[in-house]
1. Which of (1) under 18 Å from the mean Cα position of the chain (by Cα); (2) at pLDDT below 90; (3) within 16 Å of residue 36 (Cβ to Cβ) is the odd one out, the single condition residue 49 does not satisfy?
2. Check residue 79 against each of (1) under 17 Å from residue 122 (Cα atoms); (2) modelled with pLDDT of 85 or more and name the one condition it does not meet.
3. Would a scan of segment 58-67 turn up a residue that is buried (at least 23 other Cβ atoms within 10 Å of the Cβ), within 13 Å of the chain's Cα centre (by Cα) and in a helix (DSSP H, G or I)?
4. Go through segment 149-167 and count every residue that is without any contact (Cβ under 8 Å) to a residue 40 or more places away in the chain and either assigned to a loop (DSSP other than H, G, I, E, B) or closer than 13 Å to residue 118 by Cβ (or both).
5. Can you tell me which condition residue 93 does not meet? The list is (1) at pLDDT below 95; (2) surrounded by 20 or more Cβ atoms within 10 Å (Cβ to Cβ), and all the others hold.
6. Could you grab me the full set of residues in segment 104-131 that are without any contact (Cβ under 8 Å) to a residue 40 or more places away in the chain, part of a loop (DSSP other than H, G, I, E, B) and either in contact with a strand residue (DSSP E or B) (Cβ under 6 Å, 6 or more places away or on another chain) or under 19 Å from residue 151 (Cβ atoms) (or both)?
């Protein structure tokens, strides 16, 4: 009887995680793609983060924002990967311009503008805007103060506005 009870708990955890994965996957992928600037790298990092989330689901499920946990883990995975390979000399990765799977991804001009931001501003912007997290949750996720989140968001928004406004005005003239 105890084995049956345990299996029911595992089944419930699987169902909870499956529902979380289905609901969060696209948002997390968009956030990490916007932060890294590369869809393929983001896909790999998000897949790794979801695998880690499943391995620790009982803990992650109690996190104030499991989506933020996945995004932070994916970004940490990307940083670790980059650190291991930064001494390697290779061709720079081609931009994702030729890919057709941009479904749900931000406009390439927005992606370019995001890539121009410093890393912390980009991370704050992605968590606040793409995942719609509040300042407190964003601060906890990134390990910074809530006031720092507000300052980074303001700087990022100003920089994006300065970068994108001339592009949009030029398009309107055409």
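The values are calculated or read from the model by the stated rules, or taken from the named source; none is laboratory data. Note that the structure is a prediction, hence the values are computed from the model and not measured. Neighbour counts run over all protein chains shown; Cβ positions are idealised from the backbone, glycine included.
1. Single failed check for residue 49: (2).
2. Tallying (1) under 17 Å from residue 122 (Cα atoms); (2) modelled with pLDDT of 85 or more, residue 79 fails exactly one: (2).
3. The first filter runs over segment 58-67 and keeps only residues buried (at least 23 other Cβ atoms within 10 Å of the Cβ), leaving 67.
Narrowing the set further to residues that are within 13 Å of the chain's Cα centre (by Cα) leaves 67.
With in a helix (DSSP H, G or I) added as a condition, the list becomes 67.
Yes: one or more hits.
4. Of all residues in segment 149-167, those without any contact (Cβ under 8 Å) to a residue 40 or more places away in the chain come to 149-158, 161-162, 165-166.
The next check asks that each one be either assigned to a loop (DSSP other than H, G, I, E, B) or closer than 13 Å to residue 118 by Cβ (or both); those that pass are 151-153, 155-156, 158.
Residues in segment 149-167 being without any contact (Cβ under 8 Å) to a residue 40 or more places away in the chain and either assigned to a loop (DSSP other than H, G, I, E, B) or closer than 13 Å to residue 118 by Cβ (or both): 6 in total.
5. That leaves (2) as the condition not met.
6. Result: 118, single match.
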